[in-house]
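**Q** One structure coming up, written as structure tokens, with questions to follow.
The values are calculated or read from the model by the stated rules, or taken from the named source; none is laboratory data. Keep in mind the model is a prediction, meaning the values are calculated, not measured. When we count neighbours, we look across all protein chains shown, and the Cβ atoms used for this are built from the backbone with ideal geometry, even at glycine.
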């Protein structure tokens, strides 16, 4: 089956996806709002992928024109930061058509819910579009420079879910031959709410905000997360687990997840992080606009706290994190973020939520 792709977002993940797919002979249109980045890519005329995957690809179009990127495509792969999902869904809704796939890579907490609410409820789009989200970006990559991405590995197992969940079979019939590492999750609660990654970002970043203000670089995990900061992260994770239980999900703690991912044995979060060689040397945020402050608050902490409030679960650490981040960053993260209302969940019972996503 010959498929035409639009890749929305030309960061490391988007350039990797566009480069790999176009090197395999697929027609790919790469979109980004950053005009200078698109100009550089067009001047280069190709994307070079290095590392575990070695290839060169030339997308059919690299553009800042979203309408042009969306024209005559079968699969829309969204690889922007997750705080851009709502805006993209709003902008893409008029161009969607029957049989198309609109997939978030990844969705974070509530991504598919948010874009489905925008596309289907707000825009009243009647097109038979498969809305999907991956639990993680399928490429482990970084971008040394525009047009060159380093691929440290293709993740062997990436869960994907659709909204409604029954569409996942259709999705995999189309995408599994291309992305063999995709496997079906039960529903979007599994892909969106089970991961504890967001716990490791806003709180440590806020606890080190003076270093960010002064331009002081530090080893994010080894130096930025002290025993006291780790206690705050663990308390926040306990609230995440309580919200998940209220949603009928039995999910692993952050410690258990990290133990599994990195083959570690330490039971204390601080001790575990200090023994995780994969985290040594990772850069700290260089500004308050970093995704650790913005994306993980808007699309990680806010939805968990908002749904927790709706389900009667207290989240004082998350609430404090949202309030402090809003003051520090000069934004109202509660108003901007993925609240239960923005996810289309406001006022719904647990039974109604499961009926909605099944």
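**Q** Looking at 284, 306, which is the one that is touching a residue at least 12 places away in the same chain (Cβ under 8 Å) and closer than 17 Å to residue 229 by Cα?
**A** 284
**Q** Is it true that some residue in segment 33-48 is in contact with a strand residue (DSSP E or B) (Cβ under 6 Å, 6 or more places away or on another chain) and without any contact (Cβ under 8 Å) to a residue 24 or more places away in the chain?
**A** Yes.
**Q** Residues in segment 131-149: is at least one surrounded by 22 or more Cβ atoms within 10 Å (Cβ to Cβ), assigned by TED's automatic domain parsing to the domain that holds residue 8 and more than 16 Å from the chain's Cα centre (by Cα)?
**A** Yes.
**Q** Determine, yes or no, whether residue 174 is at pLDDT 95 or above, within 30 Å of residue 45 (Cα to Cα), assigned by TED's automatic domain parsing to the domain that holds residue 18 and out of contact with any strand residue (DSSP E or B) (no Cβ under 8 Å at 6 or more places or on another chain).
**A** No: the conditions fail for residue 174.
**Q** While we're on this one: I'd like the full set of residues that are assigned to a helix (DSSP H, G or I) and either more than 24 Å from the chain's Cα centre (by Cα) or surrounded by 22 or more Cβ atoms within 10 Å (Cβ to Cβ) (or both), limited to segment 21-35.
**A** 21, 22, 23
**Q** May I pose another question? Return the only residue of 51, 9 being surrounded by fewer than 17 Cβ atoms within 10 Å (Cβ to Cβ), in contact with a strand residue (DSSP E or B) (Cβ under 9 Å, 6 or more places away or on another chain) and on the phi > 0 side of the Ramachandran plot.
**A** 51
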